[in-house]
Amino acid sequence: NDQTKILHLALDGNVTETDVSNYSYANNQSYKFITYNNNYYILYQDNSGLIFSKLNSIFEPINTFIVPFNHSGSYINLYPYNNEFYLVDSDHKVICKISDSGSLLWSINLNTDYNHLNSGITPNGDLFVLGKDNNSVDYFLINPAGSTEVESTILQDLDMGSRNFDFHYNQENKVNVVVKYAENNTNHYSVQTVDLDGTLSYPTSGLQLEQ
């Protein structure tokens, strides 16, 4: 609970405890902790700003950098691809890419009217982003060079303020989106499937289901 220890749970049931209290990331707000290429990477906030740190197998920092990117939100996704990393600030609608050494490669600001971003990465390094406002869902496909290849509305005429939102990407290169709300004790669903190129399976009102 004091964020000074890391527990490693092995598949055989053994637990290894590592004291990391001497490292700056231990007592600061962290956003993401991932493994990639036999190293650990952590994204956290301290008084200097947003920090990106590469750790070795015993969680010692190898390289630590201040990301040249303003952030004051609560949720960031971190996606590795070809020794580079996408950062998606879901609250402030900022997307950027940094190198393994912490250099900023590019940055994109999306529509500030979105109340949140959802995102994911495909096997070839394209980033898909779903921007939600109060009555629609927009879809973006951003390539590894930072160019937006697709931008389109995939669901509209919604009331997102009272609806639950879920999505997933499958290996058929499609993003499936489900928006759910309850009315008169009945669950209603707006369903949409979008190909990576932006092609929709249903009209922008989605496939309407009830349960």
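The values are calculated or read from the model by the stated rules, or taken from the named source; none is laboratory data. Model, not experiment: these values are computed from the prediction. For neighbour counting, all protein chains shown are included, and Cβ atoms are generated from backbone atoms with ideal geometry for every residue, glycine included. Just the protein is used for accessible areas: all its heavy atoms, side chains included, with ligands, DNA and RNA removed. Shrake-Rupley method; radii C 1.70, N 1.55, O 1.52, S 1.80 Å.
List of remarks:
- Comparing Val179, Val20, Val88 in a Gaussian network model of the chain where C-alpha atoms under 10 Å apart are linked, the largest mean-square fluctuation is found at Val20.
- Area accessible to solvent at Ile142, 1.4 Å probe radius, in Å²: 0 Å²
- Candidate aspartates and glutamates - alpha carbon under 15 Å from Lys97, same-chain residues fewer than 8 apart omitted: Glu84, Asp89, Asp126
- For Asn115, distant residues with modelled amide H under 5 Å away: Lys132, Asp133
- Sorting Leu196, Leu11 by solvent-accessible area of protein heavy atoms yields Leu11, Leu196, largest first, with a 1.4 Å probe.
- The alpha-carbon positions of the range 130-170 define a convex hull whose volume is 77 Å³ per residue.
- Note, ³J(HN,Hα) from phi for the range 49-62, Karplus 6.51, -1.76, 1.60, rounded to Hz, x at Gly and Pro: x, 7, 10, 10, 10, 9, 10, 8, 5, 10, 6, 7, x, 9
- Over all directions, the projected convex hull of the C-alpha atoms in the chain averages 14.3 nm² in area.
- Å² per residue, accessible surface of the chain at 1.4 Å: 52 Å²
- Translational diffusion of the range 67-127, µm² s⁻¹ [Kirkwood Rh, Cα pairs; Stokes-Einstein; 20 °C; 1.002 mPa s]: 180 µm²/s
- Check: the chain dipole with +1 on Lys, Arg Cβ and -1 on Asp, Glu Cβ, in debye: 260 debye
- Principal axis extents of the C-alpha atoms in the range 1-123 (largest first, rounded to whole Å): 47, 34, 26.
- Computed from phi, the 3J(HN,Hα) profile of the range 181-193 under the Karplus parametrisation 6.51, -1.76, 1.60 (θ = phi - 60°) reads 8, 10, 8, 6, 6, 10, 7, 10, 10, 10, 10, 9, 10 Hz, with x in place of Gly and Pro.
- Our coupling estimate for the range 32-45, obtained by passing each phi through the Karplus curve with A = 6.51, B = -1.76, C = 1.60 and θ = phi - 60°, is 8, 9, 10, 10, 7, 6, 6, 10, 9, 10, 10, 10, 8, 10 Hz, Gly and Pro reported as x.
- Considering the range 86-211, its Cα convex hull presents a mean projected area of 8.0 nm².
- Between the range 154-200 and the range 1-73, the C-alpha centres lie 34 angstrom from each other.
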